[in-house]
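Only one structure is covered here, and it is reproduced in the block below.
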2 protein chains.
Amino acid sequence: MTNPVIVETTRGGIVESRHRGAVAVIGPDGTLLKAVGDIDVPIFPRSAIKALQALPMLESGAAAAFGFTDAEIALACASHNGEEAHVRTVRGMLRKIGLDETALACGAQWPRDECRLRCSGGEPGDVHNNCSGKHAGMLALARHTGADTEGYWKIDHPVQQRIMATISEICDHDLSSAPWGHDGCSLPNWAIPLRRLSLGFSRLATRRDMPPERARAAERITSAVRANPFMVAGTGRFCTRLMDAVPRAFVKVGAEGVYCACVPHAGIGIALKCDDGARRAAEAAIAATLASLDVWTAEERSRLRALATVPIENFRGIRTGEIRVTTALDDA
Amino acid sequence: MTNPVIVETTRGGIVESRHRGAVAVIGPDGTLLKAVGDIDVPIFPRSAIKALQALPMLESGAAAAFGFTDAEIALACASHNGEEAHVRTVRGMLRKIGLDETALACGAQWPRDECRLRCSGGEPGDVHNNCSGKHAGMLALARHTGADTEGYWKIDHPVQQRIMATISEICDHDLSSAPWGHDGCSLPNWAIPLRRLSLGFSRLATRRDMPPERARAAERITSAVRANPFMVAGTGRFCTRLMDAVPRAFVKVGAEGVYCACVPHAGIGIALKCDDGARRAAEAAIAATLASLDVWTAEERSRLRALATVPIENFRGIRTGEIRVTTALDDA
């Protein structure tokens, strides 16, 4: 099945480039509200799944035991910019656990504002890595459950096995035999169909059909991320801008053109992937998909629509075209 | 017509993302040697067409009048990094013309190594813009032909009209009624089918069916760029790496997933576009398309093939997958 073109860019009034993709929207009772393209082929969710990866950290009591704040929980679900506040918060989490940066296995990564660190003669560390909050959360889970903090990133480690089981349960999709690969930060990332991924995010919103500890974990996570949009990404980032504009939505980007979202007040979950992995397309598509839901105030809808069309300006500020969604995203 | 998948990325042994596109290869007598996807829909060639835009600069006698060196001619065909040598060379060209940076209309752009300039407290100027060499070449053409050096970037300026006519002639495609848009550097960019664009590059290689001044201009351009791969792009750039590895090929990237190439010793021209605009896909595709031609030594072919498959490593240096071309590019 060839996925439809969902986003296009223009120049001189004609289409210049085209992005194909698939989108799944699940409603509060688990019904498929919208399906665009092939939502049954497994895709790597990448970082978009972080909020589900974080559930065991709360369910197990680890987050409570170490006194993690909402900001820290949001950071555990984040692909952050490595700004000062992010780095400071990750270090704080590690201190609470009784560990330091040497425990992290995500690998060093330059912060988004690379020059700031370079100009001061600094070198990036694991703590600057956009996934370091997630890794700190997993270390907390390991510590609290008495598992080894060494090798927590390996697929056969109890922490990863628990996370895999959790995602499998909430998404109603057995990942134990799913294709998997190493993520950028070395953790296992299991391939899962958008139909299942969106179901998981719908359940994150509704908190139905799950044990009480998971429901409480889901409630804490969805509140924490929406109350701390800066932690989830950072300055200038789309996730942060969207959640700043529409706090009733939780959105999370994943590398290679993935977005997941949940709308707690409406019990809706969304998962989408742009075939070619383009972030610009995934951003426009998640904003447009959210905007198309009949669950917003006029102001919220207007803000979401505005995020779905991005003007393209050249080096002299001349508007040469735009990034926009296609009618393929209109279909219910 | 839906273009085939020509490049894919992998993770954990399965395909993660897919890029569709089209490719046209024209032989020395103007015959179509290879067609992948729709090669008749007009696309914006963007910077890939710079070598054709530079023809009037030579044909008119401007390059000779100002004593432009091969390096300067290469820079006039370049999307350069804004490294010290690039900036110094552009400034040299402007001096030869009797102008300075204030004459440029490309707009300021941070050089590729942005931190270097930032850390020294500098600000980017038009001269750092990746297109500044092209613009300097156009100013030379304006000066030499007695045209106004103000507004040389506008579509109705004699310089742009001459360039449009030149591209139309060498590509056998009337651009006077073609869709056009402002490029990133504000110059007009006309949409042209890959079938025609590749013909233009084949003629750049064969120098057939053109007036002697154009043939001499084509010869000078194709020699200058291949002798100065660093000027055409710069440190770490794919065009530079490929031409360093295989000097008998000339390749030129264009924004939004475009590549043009010519192989002078074989009279072959190539033009391709990745539907979604991805540079990583266009790079793999141009290397693979070149490699598939039966015109190389074993060593040249081996080097081209190596450039068509790119390992993907994560933050810890673990190889998580690769960028690779598909069998769609095998078809003759």
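Cβ screening of chain B for cysteine pairs under 4.7 Å finds these without a partner: B:77, B:171, B:239, B:260, B:262, B:274. Remark: for residue pairs A:34/A:273; A:34/B:273; A:96/A:273, the C-alpha separation exceeds 25 Å in A:34/B:273; A:96/A:273. Taken residue by residue and averaged, Cβ atoms of other chains lying within 10 Å of the Cβ of B:267-276 number 3. Listed peptides A:284-294, A:156-166 appear in the order A:284-294, A:156-166 once ranked by packing, highest mean of other Cβ atoms within 10 Å at the front.
Straight-line cross-link partners of residue A:154 among the lysines, defined as a Cα under 20 Å from its Cα and at least 8 positions apart when in the same chain: A:50, A:134. By the count of other C-beta atoms within 10 Å, a proxy for reagent exposure, A:138, B:243, B:210, A:1 are ordered fewest to most as A:1, B:210, B:243, A:138. Less than 5 angstrom separates the built amide H of residue A:12 from those of B:182, all sequence-distant by 5 or more or on a different chain. Could you please state, rounded to a whole Å, how far the C-alpha centre of region A:191-242 is from the C-alpha centre of region B:28-50? Each part's Cα centre sits 46 Å from the other's.
Using a cutoff of 8 angstrom between alpha carbon atoms and counting only pairs six or more residues apart, the relative contact order for region B:198-283 works out to 32 percent. Under 16 Å from a point placed 7 Å out from the Cα of residue A:319 along the Cα-to-Cβ direction: which residues of region B:171-210 have their backbone N that close? Only B:182 fall inside the zone, counting backbone N under 16 Å. In terms of its alpha-carbon gyration tensor, region B:34-160 comes out oblate; a/c meets the 1.5 threshold, while b/c is at least as large as a/b. Once C-alpha pairs closer than 8 Å and six or more residues apart are averaged by separation and normalised to the residue number of region B:57-113, the relative contact order reads 36 percent.
Close amide-amide hydrogen proximity is noted between residue A:125 and A:109, each under 5 Å apart and 5 or more residues distant or on a separate chain (H modeled in the peptide plane; Pro and chain starts excluded).
Per-residue packing, averaged as other Cβ atoms within 10 Å, sorts the ranges A:42-54, B:112-124, A:187-199 into the order A:42-54, A:187-199, B:112-124, beginning with the highest. With label points set 7 Å from Cα along Cα→Cβ, the inter-copy distances at residue A:322 are 4.2 nm, sorted shortest first.
The phi-based Karplus calculation (6.51 cos²θ - 1.76 cosθ + 1.60; θ = phi - 60°) puts the 3J(HN,Hα) values of region B:119-124 at 4, 8, x, x, 10, x Hz, whole numbers, x for Gly and Pro.
Comment: the Cα-to-Cβ extended label point of residue A:151, at 7 Å, lies 7.4 nm from its counterparts in the other copies, nearest first. Each other copy holds its own label point for residue B:309; taking that point as 7 Å from Cα along Cα to Cβ, the gaps run 4.6 nm, nearest first. Dipole size of region A:1-154 about its Cα centre, with +1 on Lys/Arg Cβ and -1 on Asp/Glu Cβ: approximately 180 debye, rounded to the nearest 20. Normalised radius of gyration (Cα atoms, divided by 2.2 N^0.38 Å) for region B:1-73: 1.70.
Averaged over all directions, how much area does the convex hull of the C-alpha atoms of region A:188-237 cover when projected, in nm²?
Its average projected convex-hull area is 4.8 nm².
Relative to the dominant Cα principal axis of chain A, helix A:279-291 is inclined by about 80°. Under 5 Å between amide hydrogens, built in the peptide plane, is the criterion, and for residue B:258 it picks out B:274 among residues at least 5 positions away or on other chains. With neighbours defined as other Cβ atoms within 10 Å of a residue's Cβ, the residues A:154, A:134, B:273 order from fewest to most as A:154, A:134, B:273. In this calculation the C-beta distance from residue B:85 to residue A:95 is compared with R0 = 41 Å, giving a FRET efficiency of 0.30.
I need the fraction of alpha carbon pairs in region A:107-236 separated by more than 18 Å, rounded to a whole percent.
64 percent
Peptide A:315-322 has a mean of 5 when you count, residue by residue, the C-beta atoms of other protein chains within 10 Å of its C-beta.
Residues in region B:199-208 carry Karplus couplings, in order, of 4, x, 6, 5, 5, 4, 7, 8, 6, 7 Hz; the curve used is 6.51 cos²θ - 1.76 cosθ + 1.60 with θ = phi - 60°, and Gly or Pro positions show x.
Remark: mean inter-chain Cβ contacts per residue of B:131-137 equal 0, using a 10 Å Cβ-Cβ cutoff to other protein chain atoms.
Footprinting exposure proxy ranking of A:96, A:252, fewest other C-beta atoms within 10 angstrom first, gives A:96, A:252.
Using the Karplus relation 6.51 cos²θ - 1.76 cosθ + 1.60 with θ = phi - 60°, the per-residue 3J(HN,Hα) values for region B:41-54 come to 7, x, 10, 7, x, 6, 6, 5, 8, 3, 5, 6, 4, 7 Hz, with x marking Gly and Pro. In region B:9-121, with Lys and Arg counted as +1 and Asp and Glu as -1 at Cβ, which of these residues, B:21, B:42, B:93, has the Cα nearest the positive end of the dipole, that is, farthest along it? Checking the options against the dipole of region B:9-121, the answer is B:21.
Among A:146-152, A:260-266, what's the highest-first ranking by average C-beta atoms within 10 angstrom per residue?
A:260-266, A:146-152
Over the Cα atoms of region A:35-99, the radius of gyration divided by the Kirkwood radius equals 1.11; this is the Rg/Rh ratio. With a Förster radius of 25 Å applied to the C-beta separation of residue A:294 and residue A:223, the computed FRET efficiency comes to 0.60. Across chain A the C-alpha pair distances fall into 20 Å bins from zero in the proportions 33, 58, 9, 0 percent.
Charges only on Cβ, +1 for Lys and Arg, -1 for Asp and Glu: so what's the dipole of the protein assembly as shown about the Cα centre, in debye to the nearest 20?
Its charge dipole is roughly 500 debye.
Dipole orientation for region B:233-280: of the candidates B:246, B:261, B:274, B:246 has the Cα lying most toward the positive pole (charges on Cβ; Lys, Arg +1; Asp, Glu -1). Here the contact order of region B:138-211, divided by its residue count and restricted to Cα pairs under 8 Å and six or more residues apart, works out to 23 percent.
Computed on the Cα trace of region B:121-172, the radius of gyration divided by the Kirkwood hydrodynamic radius gives Rg/Rh = 1.08.
Computed from point charges on the beta carbon alone (+1 for Lys and Arg, -1 for Asp and Glu), the dipole magnitude for region A:202-263 about its Cα centre is near 140 Debye. Subtracting the Cα-Cα distance of residue A:2 and residue A:305 from 0.36 nm times their residue separation leaves 106.4 nm of extension gain. If you find the alpha carbon centre of region A:303-332 and of region B:289-332, how far apart are they in angstrom? Using only Cα atoms, the two centres lie 34 Å from each other.
In units of 2.2 N^0.38 Å, what is the alpha-carbon radius of gyration of the protein assembly as shown?
Expressed relative to 2.2 N^0.38 Å, the Cα Rg reads 1.02.
Here, each number is a calculation from the coordinates, and none is a lab measurement. It should be emphasised that the depicted structure is a prediction, and the values quoted were computed from it without experimental measurement. Neighbour counts are summed over all protein chains in view; Cβ atoms, including those assigned to glycine, are modelled from backbone coordinates with ideal geometry.
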